[in-house]
Amino acid sequence: MALGFAGEVADFYHRYRRGYPPAVFDAVVAAFGLTSDDIAVDLGCGTGQVTVPLAARVRAVVGVDPEPDMLAHARRAAAEQGAANVGWVIGTDADVPALRAVLGDGSVGAVTIGQALHWMRHDDLFASTFPLVRLGGGVAVLTNGTPLWLQDGDWSRALRECLEQWLGTRAGTACGTDDASQERYRESLAAAGFQVFAHHVDYTGTLDVESIVGGVFSALPVDRLPPPDERPAFADRVRRALEPHAPFTEHVHVTVLTGRRDT
Ligand SMILES: C[S@@+](CC[C@H](N)C(=O)[O-])C[C@H]1O[C@@H](n2cnc3c(N)ncnc32)[C@H](O)[C@@H]1O
């Protein structure tokens with residue numbers, strides 16, 4: 001399967017993608033009454049931004065992702081942070097029935113999906129996940145802020161223009177962070193039988209040009225990354241376009257959509 005997250009994109013993702021604030025994990029734990037007896041599955045775990053902090057709150061986590069290079073980073077991050085209770089599995093949303101066969105129905109406290117649902121067939125996924133989770137457990141769909149180039153602010157608009165000129169196409173989609181996607185996910189969770197609740201965590205951060213460029217590279221498909229010898233020119237171009245709009249403040253709106261199994 002050809003995926004965009006291989007090789008250097010995985011490196012950029014690991015290095016530059018922000019993690020989630022602790023309040024997000026508090027919300028997931030509270031939503032499903034998670035304890036140190038629970039198992040969680042983190043689907044589309046990438047380089048472990050959800051998996052590793054979640055592992056500190058439960059007995060064990062299974063991190064699932066189709067991209068081995070992302071999993072390799074996640075595994076290293078877990079080892080560095082002393083999380084020995086995570087198992088890593090190459091797989092996709094289509095493998096939930098296999099997870100049910102391995103783990104057993106009603107065995108899982110939470111299935112988390114961090115910034116990855118837009119890659120999945122959510123209707124089928126939520127339906128197949130319902131029997132996997134225990135009563136009171138459920139699915140948590142997380143988004144981690146609007147993409148850097150789609151934010152509401154002068155530096156973000158300048159970045160968008162810069163990217164569109166460089167790539168020769170319109171800069172990408174909102175990756176499930178927009179209201180219409182959230183509404184679709186909410187309806188889909190409800191249709192699968194879950195009780196749906198929405199939680200939000202908002203905070204403000206300041207970025208530098210290096211992290212903006214790294215963040216952009218982490219979001220490009222690997223075949224659209226500028227070749228290494230062109231990256232300094234790209235970074236320069238971004239720096240010149242953004243400089244008049246410093247400081248690069250971003251208001252990060254993290255959403256936690258939970259679907260709880262009550263029957
Ligand atoms: C944007 S990253 C999210 C990583 C991390 N969960 C986070 O919150 O930052 C999306 C991840 O979804 C994975 N992915 C893509 N298609 C998938 C699928 N059908 N099933 C499971 N994971 C998928 C990609 O390999 C990638 O690692």
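The values are calculated or read from the model by the stated rules, or taken from the named source; none is laboratory data. Keep in mind the model is a prediction, meaning the values are calculated, not measured. A quick note on method: Cβ atoms are made from the backbone with ideal geometry, for glycine too, and the neighbour counts reach across all protein chains shown. Keep in mind that these areas ignore ligands, DNA and RNA; they rest on the heavy atoms of the full protein, side chains included. Shrake-Rupley method; radii C 1.70, N 1.55, O 1.52, S 1.80 Å.
Determine ³J(HN,Hα), in whole Hz, for all residues of the stretch 106-123 in sequence, where each value follows from phi through the Karplus function 6.51 cos²θ - 1.76 cosθ + 1.60 and θ = phi - 60°; x replaces Gly and Pro.
Here the 3J(HN,Hα) series is x, 9, 10, x, 8, 10, 9, 9, x, 6, 9, 5, 5, 8, 10, 8, 5, 4 Hz.
Round to the nearest 0.05 the FRET efficiency obtained for ARG170 and ALA98 when R0 = 30 Å and r is the Cβ-Cβ distance.
0.20
Pull out a ≥ b ≥ c, the square roots of the eigenvalues of the alpha-carbon gyration tensor of the stretch 43-121, then state rounded if a/c is under 1.5, prolate if not and a/b is larger than b/c, and oblate in the remaining case.
oblate
Taking R0 as 45 Å, what FRET efficiency do you get between ALA198 and ASP229 from their Cβ-Cβ distance, rounded to the nearest 0.05?
0.50
Calculate for the chain the 222 nm mean residue ellipticity that helices alone would give, adding -39,500 (n - 2.57) per DSSP H run of length 4 or more and normalising by residue count, nearest 500 deg cm²/dmol.
So the helix-based figure for the chain works out to -12000 deg cm²/dmol.
Can you tell me how much longer the chain between ALA79 and ASP26 gets when fully stretched, taken as 0.36 nm per residue apart minus their C-alpha distance, in nm with one decimal?
This chain segment gains 16.8 nm when fully extended.
So if I place +1 on the C-beta of Lys and Arg and -1 on the C-beta of Asp and Glu, and nothing else carries charge, what would the dipole magnitude of the chain be about its Cα centre? I want it in debye, nearest 20.
Charge dipole, the chain, about its Cα centre: 320 debye, nearest 20.
Using the Karplus equation 6.51 cos²θ - 1.76 cosθ + 1.60 (θ = phi - 60°), what ³J(HN,Hα) coupling, rounded to whole Hz, does each residue of the stretch 79-87 give in order, writing x for Gly and Pro?
With the stated coefficients, the stretch 79-87 comes to 4, 4, 9, x, 8, 9, 9, 10, x Hz.
Leaving out ligands and nucleic acids, note down the accessible area per residue over the chain with a 1.4 angstrom probe, in whole Å².
46
Calculate how steeply helix 154-167 sits against the longest principal axis of the alpha-carbon atoms of the chain, using the helix alpha-carbon long axis, and give the answer as 0 to 90 degrees to the nearest 10.
80
What are the residues whose amide H is under 5 Å from the amide H of VAL196, where those residues sit 5 or more places off or on another chain and H is modelled from the backbone?
Correct list: ARG260.
Return the whole-Å distance between the Cα centroid of the stretch 10-60 and the Cα centroid of the stretch 63-122.
The stretch 10-60 and the stretch 63-122 have Cα centres spaced 10 Å from each other.
Report, to the nearest whole %, how much of the accessible area of the chain belongs to carbon and sulfur atoms, 1.4 Å probe, protein only.
That fraction is 53 percent.
For the stretch 31-114, which trypsin sites (Lys or Arg not before Pro) are in a loop by DSSP, counting at most 16 other Cβ atoms within 10 Å?
Here the sparse-neighbourhood loop sites are ARG59.
Give the residue list of trypsin sites (Lys or Arg not before Pro) in the stretch 102-208 that are DSSP loop and have at most 16 other beta-carbon atoms within 10 angstrom.
For trypsin sites (Lys or Arg not before Pro) across the stretch 102-208 that sit outside H, G, I, E and B with at most 16 neighbouring Cβ atoms in 10 Å, the list reads ARG121, ARG170.
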